[in-house]
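> Here you go, one structure.
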Amino acid sequence: MLKRETKQTTYWLYGLMFLSLVNIVLDYSIADQYLKNADVTSISILKGNFGTAFTIAYFGSIAIVGRWIYRAASANKESGIEGLKYTPLSCLWWFAVPVMNLWKPYFALKEHYLARLKCSSFPSTNAETTFRLWWASFLAFGVLANTSYSQTYTSGEAVTVVTNSAFFSIASGIALILSSLALIKIMRHFSDGAE
């Protein structure tokens, strides 16, 4: 069951990464054309239409990844692993608690990951690095995406606003791709440990 969930979630994240890559290309094109004083109307319309698809994919990925985290934690509970601080439901709700969402989800997934692999610490430095990359890039995505959004509504010289917004949007897209790749690796390792 968990293997199937992992496969479905992985496909969804690959789709989100593809859309992020397209978004990066569009942001770069808009900034480049704007700096050249070229007409950006057609690219802006394309970006606006594409933004709807990206938004749907992004919020869909929140639901799909949340489902995977819940099912992974439930798999640990069902297999009789004892002494876990984080319930399947608490693994999710920590993402929604302000301030605590900066570290609690990381520790919740880490606890269930280590429990599944029957380890008290990461089995390798590679696994630890993957976890840190996932969380750091996830947090960076949130900060950069919010900054990009706020830059869109900043008053000031149009060229500066557009290029700053594009820069932060590109950086947030890169962070999202890194976070997704690391999470895929974590999910697969967790799923393999479930056998």
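> Select from region 125-180 the residues that are open to solvent by 60 Å² or more (accessible area, probe 1.4 Å) and aromatic (Phe, Trp, Tyr) and write down the one among them that is modelled with the lowest pLDDT.
153
> Then there is this: For region 28-37: of the residues being out of contact with any helix residue (DSSP H, G or I) (no Cβ under 6 Å at 6 or more places or on another chain) and modelled with pLDDT under 80, which is least open to solvent (accessible area, probe 1.4 Å)?
35
> Can you tell me which residue is nearest to residue 172 (Cα to Cα) among those in region 2-49 that are basic (Lys, Arg) and assigned to a helix (DSSP H, G or I)? First the steps, then the outcome.
Narrowing region 2-49 to residues basic (Lys, Arg): 3-4, 7, 36, 47.
With the extra rule that they be assigned to a helix (DSSP H, G or I), the set shrinks to 3-4, 7, 47.
Numbers: 3: 29, 4: 29, 7: 25, 47: 16 Å.
Among residues in region 2-49 that are basic (Lys, Arg) and assigned to a helix (DSSP H, G or I), the one nearest to residue 172 (Cα to Cα) is 47.
> Next question. Looking only at region 42-59, filter to residues that are open to solvent by 20 Å² or more (accessible area, probe 1.4 Å) and in contact with a Leu (Cβ under 8 Å, 6 or more places away or on another chain); which one of those is farthest from residue 186 (Cα to Cα)? Outline the logic, then answer.
To start, the set of residues in region 42-59 that are open to solvent by 20 Å² or more (accessible area, probe 1.4 Å) comprises 42-56, 58-59.
Now restrict to residues that are in contact with a Leu (Cβ under 8 Å, 6 or more places away or on another chain): 43, 46-47, 50, 53-54, 58.
Numbers: 43: 36, 46: 34, 47: 32, 50: 29, 53: 26, 54: 24, 58: 19 Å.
Step by step, filter region 42-59, then rank; the result is 43.
The values are calculated or read from the model by the stated rules, or taken from the named source; none is laboratory data. Note that this is a predicted model, so its numbers are computed, not measured. All Cβ positions, glycine included, derive from the backbone under ideal geometry; neighbour counts span all protein chains shown. Just the protein is used for accessible areas: all its heavy atoms, side chains included, with ligands, DNA and RNA removed. Shrake-Rupley method; radii C 1.70, N 1.55, O 1.52, S 1.80 Å.
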